[in-house]
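Only one structure is covered here, and it is reproduced in the block below.
Any read-out appearing in this document is the output of simple, stated calculations on the displayed coordinates, not a laboratory observation. If you're wondering where the values come from, they're calculated on a predicted model, not measured in any experiment. A quick note on method: Cβ atoms are made from the backbone with ideal geometry, for glycine too, and the neighbour counts reach across all protein chains shown.
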Amino acid sequence: MAVTAAPRIGVFGGAFDPPHNTHVALASAALTQLGLAELRVFPTGDAWHKARTLSPAADRLAMARLAFGGLPGVVVDARETRRTGPTYTLDTLRELRREFPGAQPVLIMGSDQAAALPQWHGWQEILAIAIVSIAERLESAGSDGSATRFDPRTLPGLPAAARFETLELPPADTSATDIRARAARGEDIGPLVPAAVARYIDQHHLYAPA
């Protein structure tokens, strides 16, 4: 009798303040490359690691639904915005494991986040629950043309059972920080975010100077 592989659920979290075209490209790449049954997008709640105050959760959640709603297989999950206190990825993964006991979570992050994993709350348990898919830009290459990637196996204290995958992304330099600054200056952000997100930002006067 053939053994059926566990369905894979992608976990993609972030402030999404605002969600931009690179976020959407990452979600599309994850759906194409990682063999996911579905991709869950989690706008963060109280982001303990952010030095600045985030836009209201209701706005970030609404923008995430506008940005990702057109991608088949994507679910925008609001649970982290409803939590009181700090938002931890470990809590979300534990909840998903209880809700989908036969599924395999695949946690998607950038190489900078992966390098900082030992600073995450319960990071070793995270690696026991989830496969970590590290998003890498295709333009990151050494002088000999070979790809230069962060090697997660160099992390100190890495559990032996940790599992990693690579998610290939096209070149991009979009930054939510830059988008907020442009919006505050009244500049056009249309080329950087989905059209529905640009309209939402304009209609709700997000990022306008106080």
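Think of the chain as having a plus end and a minus end, set by charges on the Cβ of Lys, Arg, Asp and Glu; of 157, 15, 93, 93 sits farthest toward the positive end of this dipole.
To the nearest 20 debye, what charge dipole does the chain have about its Cα centre, counting +1 at the Cβ of each Lys and Arg and -1 at the Cβ of each Asp and Glu? Intermediate results must be reported in sequence, preceding the final value.
Numbers: 20 positive and 22 negative charges, 105 e Å.
That gives a dipole near 500 debye.
Over all alpha-carbon pairs of the chain, lay out the pair-distance distribution in 5 Å bins, whole %, shortest bin first. Bin by bin from 0 Å, the calculated values are 1, 7, 14, 18, 20, 17, 12, 7, 3, 1, 0, 0, 0. The stretch between residue 196 and residue 165 holds 8.0 nm of extra length on full extension. This uses 0.36 nm per residue minus the Cα-Cα distance. Angle check, please: helix 57-68 long axis (alpha carbons) against the longest principal axis of the chain (alpha carbons), in degrees 0 to 90, nearest 10. The angle comes out at about 70 degrees. Between residue 112 and residue 91, the simple label model (points 7 Å from Cα in the Cβ direction) yields a spacing of 2.5 nm.
Between 0 and 90 degrees, the angle of helix 195-204 with respect to the longest Cα principal axis of the chain falls at about 50 degrees.
Distance from the Cα centroid of region 10-35 to that of region 188-210 is 19 Å (rounded to whole angstrom). As I understand it, the value is the acute angle between the Cα axis of helix 21-33 and the longest principal axis of the Cα atoms of the chain; what does it come to in degrees, rounded to 10? Approximately 30 degrees, to the nearest 10.
Mean-square fluctuations from a GNM of the chain, with a 10 angstrom spring cutoff on Cα atoms, peak among 30, 130, 181 at 181.
So between residue 182 and residue 84, what do we pick up on full extension, going 0.36 nm a residue minus the alpha carbon distance?
Details: separation 98, 0.36 × 98 = 35.28 nm, distance 3.13 nm.
Answer, rounded to one decimal: 32.1 nm.
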